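Report on one structure; see the data block that follows.
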Amino acid sequence: VRFAPLQGETAARILPPELVDRLDTVVFRKDELNFTQSAAIVRLLDEFGGFWKLAAWLLWLIPGPLRNLGYRCVAKMRYRVFGKHATCRMPTPDERARFLD
C-alpha cells in the first residue's frame, strides 16, 4: 500500500478531477478502479489481510449508504477521538518509501 496526497502530482495524474477536488474523502485505487469513503476503507482493510480481511468482509455486509454514514460520522469526530496537532509527525525513512508525490 502506498499513499499520495490528493493535492499531489500522483493524484493529479491518475485520478479523475472530481476525486482530486474532493479533499473530504479518502480514495483507494486498485487495478485502475477508484473506491471512496467506506468502500475505500473496506478495500484497504482487505489488503492488510488476516484479521483485517475478516473485518473488511463483515463491513462489506453493511449496505453502502449506512457504511458511508458511519464513515462521515467518524470523519466529523476524528479530532475529538484522536486529537488535533499543530504539526504532523514526520515519517521514518521506511515509512517515507510508501509515500508518492
Say whether the condition of being part of a helix (DSSP H, G or I), open to solvent by 60 Å² or more (accessible area, probe 1.4 Å) and either more than 15 Å from D101 (Cβ to Cβ) or of a type in the set (F, W, Y) (or both) is met by at least one residue in region 3-15.
-> no
Would you please name the residue that is nearest to G8 (Cα to Cα), looking only at residues in region 23-73 that are loosely packed, with under 12 Cβ neighbours inside 10 Å, over 15 Å from the mean Cα position of the chain (by Cα) and not hydrophobic (A, V, I, L, M, F, W, C)?
-> E32
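The values are calculated or read from the model by the stated rules, or taken from the named source; none is laboratory data. Since the structure is predicted, the reported quantities are computational estimates derived from the model, not experimental observations. Here Cβ is always computed from backbone atoms with ideal geometry, including for glycine, and neighbour counts include all displayed protein chains. Side chains included, ligands, DNA and RNA excluded: accessible areas come from the protein's heavy atoms. Shrake-Rupley method; radii C 1.70, N 1.55, O 1.52, S 1.80 Å.
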